[in-house]
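Student: Structure in C-alpha cells, see below.
Since every read-out is calculated from the coordinates, none of them should be taken as a lab result. Please read these numbers as outputs of a predicted model, since none were measured by experiment. Cβ sites come from the backbone with ideal geometry, for glycine too, and all protein chains shown count toward neighbours.
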Amino acid sequence: MMKGRTEKAEAHDALLKCLQENPVFAGVSKSALSDVLTAARLRSIPCEGQIIRQGDDACAFGILFSGRAKMVQVTPDGRQVLIRYIVTGQEYGLIAALRGYTYPLTIEAVEPCEVLCWPGAKLAEFFARYPQVSLNALHIMVIRNQELQLRYRELLTDRVEQRLARALLRLSSIAGETTAQGTLITLSLTREDLAELIGATLFTVSRTLSQWEQAGYVDGGRERIRICRKDVLEQLVGEPEPFSQNCVTPCALVELMMSRRHASAELVSA
C-alpha cells in the first residue's frame, strides 16, 4: 500500500515538473500549477498514432510528457510534407484557446508517447485566471514570429548547404546522442525528410550528404545521421542561431497564419 502511494506521488511530481519546465507555465506559482494539473488528462499514444489531425477542430492544447513526434502537413495536391519534430516537454495547440480554428497539421508519434492535454476552453480559462500564463503565451508568439521570419529569409537567401547544416545542428540539439565518433541524431531521418525540412530537392540533399560523407563531416546509416565534424557544419552555417535551440515548435501565431477560419470556409462554399 505504501509503495503504491509513493509511486503515485512520484508520478504526480514528474507531471508537475513537466509543467514547471514548460515556457507556457514559467513563473506560475506551485498552487496554480497544481490547479492546472488537476484539469489535465494524460493520454497514451502508440508509435505512428496521431496526437492531433490536420483539419480537425482545434479543441485541445497539450504538452508532450514523454516520447517524440513529428509534425506533417498534407498539401492541396495530396503530398505529405514534414514540418518539424517535437520532443518531450514541448507544447502544441495554443491555437485551441481561440474558437473557430482547425489544426493546420498532423502530429504523429514516432515512438510511444504520453501527452498531457487540456480542452481549449480550459486553456482560455487559464489565460484569464493567471495573467502570467497569458504573458508567457504572448512571449512565445513573439519569439516564434521572429523565428518564422528568419526561416523565410533563410529560404530566400541561404544556399542549400547552409540550410542543411543548420537543420542537422538543430536536430542534434534536441535529439542528439554523444558517441565516440560524434553526435548521433537519434530520430529516424530519411534524406527525403531532410529535403522537406529545408525546402530543397531530394537530389540536391542526397548529393550534398554524399559529399559530406566522403569528406568525413557526417556519417549516414539506415535512417540515421551522425555529425562527425560539428565545427565544419557551424562554419557552413555562418552566423550563430539567434534563438534558443529548443525553439522547434510552431506557436499560436504560426498556427494562426497556417490555419483557416470556419467562417471563411463557409463563406467560400456559400
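Student: By how many nm would the segment from Phe203 to Asp219 lengthen if fully extended, with 0.36 nm per residue of separation less the alpha-carbon distance? If you can, show how the numbers build up before the last one.
Tutor: Working: separation 16, 0.36 × 16 = 5.76 nm, distance 1.79 nm.
Contour length minus the Cα-Cα distance gives 4.0 nm.
Student: Suppose the chain between His139 and Arg229 were pulled fully straight at 0.36 nm per residue; how much longer would it get relative to their current alpha carbon spacing?
Tutor: In short, 28.9 nm is gained.
Student: Right, here's the next one. Between Thr186 and His12, what is 0.36 nm times their sequence separation minus the Cα-Cα distance? Round to one decimal in nm.
Tutor: The span from Thr186 to His12 would gain 59.8 nm if fully extended.
Student: Work out which helices of the chain, taken as complete DSSP H runs, extend at least 27 Å along their axis over the Cα atoms and score a mean Kyte-Doolittle of -1.0 or more, then list them.
Tutor: Sorted by number, the helices that extend far enough and score high enough are 2-21, 131-157.
Student: With each pseudo-label sitting 7 Å past Cα toward Cβ, what's the Glu239-Ser31 distance in nm, one decimal?
Tutor: Placing both labels 7 Å along Cα→Cβ, they lie 4.6 nm apart.
Student: Still on this structure, please answer the following. Give, in whole angstrom and from largest to smallest, the semi-axes √(5λ) of the equivalent ellipsoid of the stretch 2-144, with λ running over the eigenvalues of the Cα gyration tensor. Could the numbers behind the result be given before it?
Tutor: Values: eigenvalues 135, 79, 31 Å².
Working from the Cα gyration tensor, I get semi-axes of 26, 20, 12 Å.
Student: Charges only on Cβ, +1 for Lys and Arg, -1 for Asp and Glu: so what's the dipole of the chain about the Cα centre, in debye to the nearest 20?
Tutor: 260 debye
Student: Using Cβ contacts closer than 10 Å as the measure, can you line up Arg68, Arg153 from fewest to most?
Tutor: Lowest to highest Cβ neighbour count: Arg153, Arg68.
Student: I need the per residue convex hull volume for the chain, using only the alpha carbons, in cubic angstrom as a whole number.
Tutor: 157 Å³
Student: Pull up all non-local amide H partners of Ala60: gap of 5 or more, or a different chain, and H-to-H distance under 5 Å with H placed in the peptide plane.
Tutor: So Ala60 has HN proximity to Gly120.
Student: Please list the radius of gyration and Dmax for the stretch 154-237, considering alpha-carbon atoms only, with Å as the unit.
Tutor: Every Cα atom of the stretch 154-237 included, Rg and Dmax give 11.6, 36 Å.
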